[in-house]
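Worksheet: one structure, shown below.
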């Protein structure tokens, strides 16, 4: 996240949007432009954001809530939804998973997003593993 926020810092736009340890991930996500899209009986949580993520500054569009996320219709922007899901397992154990879904209606924007995703995917996958590991450690305490 710190690398992703670097262009904004270099352009003089503050400290960026990197997530920091010690504070709840959800709290930090909501402060950084994500909105809560839904929760399902303590089993799943979904947040979303909108923007032109391929731009150096992130191109994030401020949205107020889940209804604004659903209604948002600019074709040159991507909608990103991220979930955390808990599934019961044997012996009282659980499996926690996370998934990101992206919708980009415009063909030109989809190409830009695809190039961006190829570049950042390894870092994004690492961040997910770090998040899941941190959640596991907190849950086990």
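The values are calculated or read from the model by the stated rules, or taken from the named source; none is laboratory data. As the structure is a computational prediction, the values presented were derived from the model and not from experiment. All Cβ positions, glycine included, derive from the backbone under ideal geometry; neighbour counts span all protein chains shown.
Overview of values
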| quantity | calculated |
| --- | --- |
| Single unsatisfied condition, residue 62 versus (1) farther than 18 Å from residue 120 by Cα; (2) modelled with pLDDT under 85 | (2) |
| Subset of segment 86-119 [surrounded by 15 or more Cβ atoms within 10 Å (Cβ to Cβ) and in a strand (DSSP E or B)] | 86, 98 |
| Check on residue 48, closer than 24 Å to residue 65 by Cβ and either modelled with pLDDT of 90 or more or assigned to a helix (DSSP H, G or I) (or both) | yes |
| Residue within segment 28-38 that is surrounded by fewer than 14 Cβ atoms within 10 Å (Cβ to Cβ) and either at pLDDT 90 or above or part of a loop (DSSP other than H, G, I, E, B) (or both) present | yes |
